[in-house]
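The values are calculated or read from the model by the stated rules, or taken from the named source; none is laboratory data. The structure presented is a predicted model; accordingly, all values stated were derived computationally and were not measured. Backbone-built Cβ (ideal geometry, glycine too); neighbour counts: all protein chains shown. Just so you know, the surface numbers come from the protein's heavy atoms only, side chains and all, with ligands and any DNA or RNA stripped out. Shrake-Rupley method; radii C 1.70, N 1.55, O 1.52, S 1.80 Å.
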Amino acid sequence: MIDSEHTLFMQEALLEASLAFEEGEVPIGAVIVHEGNIIARAHNKTEALQNPISHAEIHVIEQAAALLHTRRLSDCTLYVTLEPCAMCAGAIVLSRIPNVYIGCVDEKTGAVSSLYQLLNDSRLNHQCKVHIGLLEQESSQILRSFFRNLRDGKMNKTIHSRANNE
């Protein structure tokens, strides 16, 4: 796959992040690509579903597994706008995704390169090839805008009590 295709797929993940932003969710988006086509797309839904595991990565992995009728996504690529947390990194390892493209790092909860390196831990049964920084500026900008709006009272703070602590 050429660089422009990777950029296109990350742009699609950013569109998902924009949908999350519009819905008042922490704006993280993800897509899974199989044989050059997007087969799953999602964004965070933790507030809407009041479910702590409703992260974009979890949803795209579930969608892709259902579509392909397999728990092993060994011929897929994941694009996600923010470095996955430990839960999502664990799901990536368990689903055997070989390539992961990440927009920007998460120094507070990132489990791929910031706090932990779960996707490259040789003690686990699967390691991923990780690519960090694809559309980094755009990925970090949407998050900064979201939290700035939240701090400035432009969003419903009751719904986003969790976001205030991030």
Would you point out the residue of segment 29-57, among those that are outside any strand (DSSP E or B) and either in contact (Cβ under 8 Å) with a residue 60 or more places away in the chain or among the acidic types (Asp, Glu) (or both), that is farthest from PHE146 (Cα to Cα)?
GLU35
Within segment 78-100, how many residues turn out to be surrounded by 22 or more Cβ atoms within 10 Å (Cβ to Cβ) and out of contact with any Gly (no Cβ under 9 Å at 6 or more places or on another chain)?
6
Given (1) outside any helix (DSSP H, G or I); (2) touching a residue at least 12 places away in the same chain (Cβ under 8 Å); (3) of a type outside the set (A, V, I, L, M); (4) farther than 23 Å from GLY36 by Cα, identify the lone condition not met by ARG72.
(4)
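Residues checked against (1) open to solvent by 10 Å² or more (accessible area, probe 1.4 Å); (2) out of contact with any helix residue (DSSP H, G or I) (no Cβ under 7 Å at 6 or more places or on another chain); (3) closer than 24 Å to GLU138 by Cβ:
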position: ALA20; (1), (2), (3): no, yes, yes
position: GLU25; (1), (2), (3): no, no, yes
position: ALA40; (1), (2), (3): no, no, yes
position: LEU49; (1), (2), (3): yes, yes, no
position: SER54; (1), (2), (3): no, no, yes
position: HIS59; (1), (2), (3): yes, yes, yes
position: LEU73; (1), (2), (3): no, no, no
Inspect all residues belonging to segment 11-27 and state whether any of them is charged (D, E, K, R), assigned to a loop (DSSP other than H, G, I, E, B), modelled with pLDDT of 95 or more and farther than 24 Å from ARG148 by Cβ.
no
Take segment 132-162 and flag every residue that is in a loop (DSSP other than H, G, I, E, B) and either among the aliphatic types (A, V, I, L, M) or at pLDDT 90 or above (or both).
GLY133, LEU134, LEU135, MET155, ILE159
